[in-house]
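The values are calculated or read from the model by the stated rules, or taken from the named source; none is laboratory data. Just so it is clear, the model here is predicted, and its values are computed rather than measured. A quick note on method: Cβ atoms are made from the backbone with ideal geometry, for glycine too, and the neighbour counts reach across all protein chains shown. Surface areas here come from the heavy atoms of the whole protein model, side chains and all, with no ligands, DNA or RNA. Shrake-Rupley method; radii C 1.70, N 1.55, O 1.52, S 1.80 Å.
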Amino acid sequence: MSGHSEDPVAEESQRFFTFFNLSMILVAITGLEIVIIYVQTFEGSTIIGVLFATSILKFIGVVWWFMHLRWDKILNTILFLMGLVIALGTFFAVIFMADEHPVVEEFKVAQIENEWKAGTKYKSGDYVSMDEKFYQANIDHTSENNWTKESWNEVSGIPHLISWKIINSADLIEINSKKPENPYYYQYTPTEQESIEENRIALLEQPGTTEDFRIKVRSEAFWVENN
């Protein structure tokens, strides 16, 4: 160790307050990261960039002060950084070599326009429109000649079918509306890792089309966004 002062008590006191202040700064940065993640006020790529920058700041604070590299010989810092660069390079190389770029082959959002018809077989969960209102079947049944609400529940929203097909591996899929006045958000981890083809029905406040939504697909090394 080098750079000791003539008063060891004063030096240790100064170090204590340095460590304490630094720890409070690290806590504040961590709190900021939690807020950014859960509030999601930025785009996904911006959030990743901000988190990457704050992680670097915390890393430097920990290794420079808490690991005492600031007071060690410069050779120790060089050796530490060399090992870190080699480890990070190997890690990212393995990820990029093993991962495949996901491709959004198909993504559609369409309103379900299925008007009620007499003498039609309906399954529980089917949606129909009647007199500009939307209903969902509560049992399997065949409709009678005249409309009746006995087998239907009125829904507060406009049913839309959202379907997508992803080629190559995907660890996370996120779908959200680009219009704040017609909110929708759905995120899930697919069980199938290749050739993912799924759909889901969503009740929206307003009619929507494919252009009103975006889908994001993440793999281990890539993040694809289809606008």
Probe 1.4 Å, accessible area per residue of the chain, Å²: 66 Å²
With every protein chain kept in place and a 1.4 Å probe, the residues Glu225, Glu154 fall, from largest accessible area down, as Glu154, Glu225
Roughly how many nanometres apart are two label points built 7 Å out from the Cα toward the Cβ at Met67 and Gln111? 5.9 nm
Low-density loop trypsin sites (Lys or Arg not before Pro), segment 74-130, at most 11 other Cβ within 10 Å, DSSP non-H/G/I/E/B, are Lys117, Lys123
For segment 74-126, the spread of Cα positions along each principal axis, largest first, Å: 84, 19, 17
More than 19 Å apart - percent of Cα-Cα pairs taken over segment 50-107: 52 percent
I need two numbers for segment 116-209: Rg to one decimal and Dmax as a whole number, Cα atoms only, in Å. 16.6, 49
Please report, in Å, the Rg and the Dmax of the chain, where both are computed over Cα atoms only. 28.0, 100
Using a simple charge model, +1 on the beta-carbon of Lys and Arg, -1 on the beta-carbon of Asp and Glu, nothing else, what dipole does segment 127-227 show about its Cα centre, in debye to the nearest 20? 240 debye
Kindly sort His141, His160, His68, His101 by accessible area of their heavy atoms, largest first, with the probe set to 1.4 Å. His101, His68, His141, His160
Segment 54-178: relative contact order in percent, alpha carbon pairs under 8 Å with at least 6 residues between: 25 percent
Tell me, rounded to the nearest percent, the portion of alpha carbon pairs in segment 176-227 spaced more than 16 Å apart. 49 percent
